[in-house]
Amino acid sequence: MEVISQWQVIPDLKLIQSFYDHAGYIRAFAEVGRSYNPDEYDHILFSYHGIPQRQMRKADDYNHCLQTPTCCHHISDKNQSCYSAQCHATTKALAATLQLPPDRYSISYQSRLGNDPWMQPYTIRVLEELAQRGVKKILVFCPAFVADCLETIFEIGTEYQEEFEKWGGEKIQLVESLNAHPTWVAALSDIVRAN
């Protein structure tokens with residue numbers, strides 16, 4: 001937008017606000033996840049990149065954000081653009097596609113910085129709680145990332161693995177991102193063509 005603002009002739013543009021519930025996106029993540037045999041894990045964790053709560057409130061036109069502990073658990077007219085509500089919707093869609101009962105999975109948020117409160121629950125705290133409950137093997141999806149990056153690979157695969165072992169856990173397996181998976185490429189093509 002900064003570059004285009006300097007142009008004299010602006011082409012027609014359309015921005016895609018979100019694709020959290022696009023069937024092809026969900027199908028692609030489910031296909032990648034199935035390659036890890038989810039039934040072999042004690043728990044499935046859907047860990048999303050966190051943002052500060054103040055950022056969530058800034059994007060809230062309805063004074064709906066963080067008003068109740070479950071305000072993000074279902075998409076509505078008031079929160080359809082809420083990142084956290086979209087994360088919950090993606091998680092429910094993936095869990096349904098993978099046929100996971102509610103007690104087999106949870107949602108969390110990673111990568112917080114500073115002292116301000118961020119989206120919760122924090123992934124590191126969820127992993128600690130799971131280890132304390134005796135969970136040994138966790139399969140972790142990071143659906144906010146469609147391409148692998150150091151953040152997920154190192155934070156989940158290395159840092160959290162080390163902490164999980166200290167608490168008595170054994171294995172955290174990160175499901176790689178979609179990258180160039182053919183189902184994702186087809187979904188991305190569909191998203192672009194539809195817009």
Report summary line: Here the residues within region 153-173 that are at pLDDT 95 or above, more than 17 Å from Y122 (Cβ to Cβ) and not basic (K, R) are E165, G168, E170, Q173
Query raised in the report: Given the conditions (1) outside any helix (DSSP H, G or I); (2) polar (S, T, N, Q); (3) at pLDDT 95 or above; (4) farther than 20 Å from W167 by Cβ, which single one is not true for S106?
Result: (4)
Report summary line: Of the candidates L139, L100, L130, the one satisfying the condition of being part of a helix (DSSP H, G or I), touching a residue at least 40 places away in the same chain (Cβ under 8 Å) and surrounded by 14 or more Cβ atoms within 10 Å (Cβ to Cβ) is L130
Report task. Kindly provide the set of residues from region 165-194 that are touching a Leu at 6+ places or on another chain (Cβ under 8 Å) and either in a loop (DSSP other than H, G, I, E, B) or without any contact (Cβ under 8 Å) to a residue 60 or more places away in the chain (or both), ordered by number. Result -> W167, G169, I172, V175
Query raised in the report: From the residues in region 9-49 that are modelled with pLDDT under 95 and polar (S, T, N, Q), which one is farthest from K171 (Cα to Cα)?
Result: Q17
Query raised in the report: Just wondering, is there one or more residues in region 38-61 that are surrounded by 15 or more Cβ atoms within 10 Å (Cβ to Cβ), assigned to a helix (DSSP H, G or I), in contact with a strand residue (DSSP E or B) (Cβ under 8 Å, 6 or more places away or on another chain) and hydrophobic (A, V, I, L, M, F, W, C)?
Result: no
Query raised in the report: Name the pairs whose Cβ atoms lie under 8 Å apart, with the first residue in region 4-19 and touching a residue at least 40 places away in the same chain (Cβ under 8 Å) and under 30 Å from H88 (Cα atoms), the second surrounded by 10 or more Cβ atoms within 10 Å (Cβ to Cβ) and of a type in the set (S, T, Y), and 6 or more positions between them or separate chains?
Result: Q17/S81; S18/S81; F19/Y25
Query - Pairs, first more than 17 Å from A180 (Cβ to Cβ) and of a type in the set (V, I, T) in region 142-159, second at pLDDT 95 or above and outside any loop (DSSP other than H, G, I, E, B), C-beta under 7 Å, six or more apart - result: I156/S47; I156/V140; I156/I172; I156/L174
Query raised in the report: Looking at this structure, is G134 farther than 29 Å from E31 by Cβ, modelled with pLDDT of 85 or more and in contact with a helix residue (DSSP H, G or I) (Cβ under 8 Å, 6 or more places away or on another chain)?
Result: no
Query - Output for region 136-177, where each listed residue is of a type in the set (A, V, I, L, M, F, W, C) and over 20 Å from R34 (Cα atoms) - result: C149, L150, F154, F164, W167
Query raised in the report: Which of the residues spanning region 169-189 are closer than 30 Å to V135 by Cα, within 17 Å of the chain's Cα centre (by Cα) and surrounded by 14 or more Cβ atoms within 10 Å (Cβ to Cβ)?
Result: I172, Q173, L174, V175, E176, S177, L178
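The values are calculated or read from the model by the stated rules, or taken from the named source; none is laboratory data. Quick caveat: nothing in here was measured; it's all calculated off a predicted structure. Glycine also receives a Cβ, built like all others from the backbone with ideal geometry; neighbour counts cover every protein chain displayed.
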